[in-house]
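Written below as structure tokens is the structure these notes are about.
Any read-out appearing in this document is the output of simple, stated calculations on the displayed coordinates, not a laboratory observation. For clarity, every value in this text was computed on a predicted model and none was experimentally measured. Note that each Cβ is placed from the backbone with ideal geometry, even for glycine, and that neighbours are counted across all protein chains shown.
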Amino acid sequence: MDSIIVEFKGKIHTSEDGIRYVSVPVFTSSHVVQGDRAHYTDRALPEYARGIGLSDGLRRIDSPRMTHVSGEFIGTFRVDLGSRRAIIAARKVKESIVSEWYAARDAGERSEGMLAMEERAHAAYLATLDEVR
């Protein structure tokens, strides 16, 4: 299955400490350059982007699954959102981690804080996207 690849142009910002950011738009079907048409709609694409942490707003240029194609001040970027099958599998993994954390919290057996759990769930989501093709 083909991954859904979106491409966009965005203004590049540099922070005081030298970290470069780009203004990421809300993805629509007009941003798609590769992928199965049945699985990218204007409602689904922003949700897929939120899954990998690239919802609209300023995001680091070195964000996972985003490639800086060209440009210094106005850049062209490509984002691999993953295949539909990989997205479904990644969601299940993330939901499993989150539900286990809440179940442990309710039982009083929580071993990590919410931020640590969210970071672990996000890392598992990204790893699943890379594993499932």
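If you run the Gaussian network model on the chain, springs between alpha carbon atoms under 10 Å, then out of 56, 36, 17 the most flexible one is 17. In a reduced charge model with +1 at each Lys and Arg Cβ and -1 at each Asp and Glu Cβ, the chain shows a dipole moment near 360 debye about its Cα centre. Taking 16 Å as the straight-line reach from the Cα of residue 11, the aspartates and glutamates in range (excluding those fewer than 8 positions away in the same chain) are 56, 62, 72.
Going from the residue with the fewest nearby Cβ atoms within 10 Å to the one with the most, 69, 6, 98 rank 69, 98, 6.
Taking the range 31-51 and a reference point 7 angstrom along Cα→Cβ of residue 95, the backbone N atoms nearer than 17 Å belong to 44, 47-51.
Using the Cα centre as the reference, give the magnitude of the dipole from point charges on the C-beta atoms of the range 4-82 (Lys, Arg: +1; Asp, Glu: -1; all else neutral), rounded to the nearest 20 debye. Walk me through the numbers before you get to the answer.
Numbers: 10 positive and 10 negative charges, 20 e Å.
Roughly 100 debye, rounded to the nearest 20.
Sparsely packed loop sites in the range 70-133 (the chymotrypsin sites (Phe, Trp or Tyr not before Pro) outside DSSP H, G, I, E and B with at most 14 other Cβ atoms within 10 Å) comprise 73. Summarising the overall dimensions of the range 86-131 from its C-alpha atoms, the Rg and Dmax are 11.0, 34 angstrom. Taking 0.36 nm per residue of sequence separation and removing the Cα-Cα distance, the residue 104/residue 44 pair yields an extension gain of 18.5 nm.
Compactness of the chain, taken as the C-alpha radius of gyration over 2.2 N^0.38 Å, stands at 1.16. Among 88, 74, 61, whose mean-square fluctuation peaks in a Gaussian network model of the chain (Cα, cutoff 10 Å)? Of the options given, 74 has the highest mean-square fluctuation.
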